[in-house]
Amino acid sequence: MEDILVCECKNISLKDVLECINNGCDSVEEIQKELPVGQVCSMCLSSKNDLQGEKPIHLDKLLKSIKGK
């Protein structure tokens with residue numbers, strides 16, 4: 001499951017994002033400082049940006065489910 005791509009545009013996997021979260025990143029903005037997610041189409045950042053529901057994972061929902069934020 002960790003090999004799922006969160007950001008297809010920049011080839012960022014769930015494993016990469018989880019590593020950032022485990023290293024203390026607790027917001028989408030902090031993850032973006034560490035990884036180049038959301039720099040092209042931004043659909044991975046929020047379901048609000050993914051109107052067609054193409055992405056299996058959105059960073060805002062992932063953080064909410066892990067951190068409760």
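Taking amide H positions as modeled 1.01 Å from N, with prolines and chain starts lacking one, the residues under 5 Å from V6 and 5 or more places away or on another chain are I12, S13, L14. Isolated cysteines of the chain, defined as having no other cysteine beta carbon under 4.7 Å away, are C9, C41. Recomputing percent of Cα pairs over 14 Å apart from the coordinates shown identifies the correct label among (i) 66; (ii) 52; (iii) 60 as (ii).
Largest GNM mean-square fluctuation among E30, E54, E19, using the chain with Cα springs under 10 Å: E54. Farthest towards the positive end of the charge dipole of the chain, among the residues L45, L35, C20, is the Cα of L45, using unit charges on the Cβ of Lys, Arg, Asp and Glu.
Quick one: putting +1 on the C-beta of Lys and Arg, -1 on the C-beta of Asp and Glu, what dipole do you get for the chain around its Cα centre, in Debye to the nearest 20?
On the way: 9 positive and 12 negative charges, 49 e Å.
Charge dipole, the chain, about its Cα centre: 240 debye, nearest 20.
With θ taken as phi - 60° and the Karplus curve 6.51 cos²θ - 1.76 cosθ + 1.60 applied, the whole-hertz 3J(HN,Hα) list for the range 58-66 is 10, 4, 4, 6, 4, 4, 4, 6, 8 Hz, x standing for glycine and proline.
How much mean residue ellipticity at 222 nm does the chain get from its helices, if each DSSP H run of length 4 or more adds -39500 (n - 2.57) and you divide by all residues, to the nearest 500 deg cm²/dmol? Let's see the in-between values first.
Values: 3 runs with 25 residues, N = 69.
Result for the chain, helices only: -10000 deg cm²/dmol.
Read the figures in this text as sums done on the coordinates, not as results from a lab. Computed from a predicted model, the values in this text were never measured in an experiment. Reconstructed Cβ throughout: ideal geometry from the backbone, glycine too, with neighbour counts over all protein chains shown.
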